Amino acid sequence: MSAGWRLLICLGIGAAIFLWPFDPDDPMIHAGAAWLAGVLLFLAWTWYAVSGVSIAMLRKRARDLDDSAWIISLLVVVAAAISLLALGMMIYAKDDATGSIRILRLGLGGASMICAWFLIHTVLALHYAHLYYGDRPGDGKRKEHGGLDFPGGREPDYSDFFYYAFVIGMTCQVSDVTTQSRGMRRLTLMHSVVSFFFNTTVIALTVNMLASN
């Protein structure tokens with residue numbers, strides 16, 4: 001199943017959880033639980049889908065799904081940004097919520113923030129793989145985009161692209177993998193900028209939350 005369908009199904013399940021009348025009757029807790037459940041399901045489903053995938057299967061999947069990769073990546077980054085905004089609203093909400101409700105909000109908010117971080121870099125890892133193995137025109141024959149040079153000289157699999165994406169997510173820079181195409185440099189630049197602002201926002205929210213308690 002394509003990433004787009006997985007995303008839609010997870011969104012539907014999240015919406016169902018948000019509307020489900022469970023206790024406590026707090027809209028912020030319902031929204032946090034819905035987001036957390038949807039993201040966890042999408043991450044588990046995605047990691048299961050890519051586990052044990054051969055290079056040949058990865059190449060075919062990239063050629064089949066590369067057209068929609070940009071759209072899905074953009075949607076996920078926007079959704080993760082919205083989750084940070086929602087976390088800020090949960091932390092600084094001025095209402096008469098009890099202590100237990102506030103603790104539950106903070107717990108769900110923190111877990112959602114961590115899951116949003118994993119979500120961004122997981123989806124962008126898939127996008128790196130699809131861009132690398134996607135087709136480009138070339139003398140009437142199928143040629144791959146390429147654009148990344150991994151040490152060791154072997155064809156990269158999903159684990160290599162996850163390594164590249166999560167290193168950027170943690171350090172906002174590349175490591176021992178070199179970029180060799182304009183498309184990869186553009187994607188890596190966008191990924192680094194998103195990672196920097198996401199990580200900075202998380203640190204700012206955490207410091208403010210600790211300082212206010």
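Among the conditions (1) out of contact with any strand residue (DSSP E or B) (no Cβ under 9 Å at 6 or more places or on another chain); (2) in a helix (DSSP H, G or I), S175 misses just one, which is (2). Does the range 108-131 include one or more residues that are at pLDDT below 80 and open to solvent by 40 Å² or more (accessible area, probe 1.4 Å)? Taking every residue of the range 108-131 in turn, none turns out to be at pLDDT below 80 and open to solvent by 40 Å² or more (accessible area, probe 1.4 Å). Please tell me if Q180 is at pLDDT below 85 and surrounded by fewer than 14 Cβ atoms within 10 Å (Cβ to Cβ). For Q180, the condition - at pLDDT below 85 and surrounded by fewer than 14 Cβ atoms within 10 Å (Cβ to Cβ) - is not met.
Where residues in the range 89-106 are of a type outside the set (S, T, Y) and at pLDDT 70 or above, which of them is surrounded by the fewest Cβ atoms within 10 Å (Cβ to Cβ)? Step through it out loud before you land on a result.
Residues of the range 89-106 of a type outside the set (S, T, Y): 89-91, 93-97, 99, 101-106.
Then keep just the ones that are at pLDDT 70 or above; that gives 99, 101-106.
Details: G99: 7, I101: 16, R102: 17, I103: 11, L104: 19, R105: 21, L106: 16.
Per the criteria, the residue is G99.
Just to verify a result, which residue in the range 51-72, among those that are in contact with a helix residue (DSSP H, G or I) (Cβ under 8 Å, 6 or more places away or on another chain) and of a type in the set (D, E, K, R), is modelled with the lowest pLDDT? Among them, the one singled out is D66. Pairing each residue of the range 145-166 that is on the phi > 0 side of the Ramachandran plot with any residue that is open to solvent by 70 Å² or more (accessible area, probe 1.4 Å), provided the two are 6+ apart or on different chains, yields C-beta distances under 6 Å for G147/Q180. Does T188 satisfy being open to solvent by less than 30 Å² (accessible area, probe 1.4 Å), without any contact (Cβ under 8 Å) to a residue 24 or more places away in the chain and part of a helix (DSSP H, G or I)? Here the answer is yes, as T188 does meet what is asked. Among the criteria (1) in contact (Cβ under 8 Å) with a residue 24 or more places away in the chain; (2) in a helix (DSSP H, G or I); (3) more than 15 Å from A80 (Cβ to Cβ); (4) of a type outside the set (F, W, Y), the one G12 does not fulfil is (1).
The values are calculated or read from the model by the stated rules, or taken from the named source; none is laboratory data. Keep in mind it's a predicted model, so treat the numbers as computed, not measured. No Cβ is skipped: glycine too gets one built from the backbone with ideal geometry, and neighbour counts run over all protein chains shown. Ligands, DNA and RNA are stripped out before the accessible areas are found, and what is left, the full protein with its side chains, is counted by its heavy atoms. Shrake-Rupley method; radii C 1.70, N 1.55, O 1.52, S 1.80 Å.
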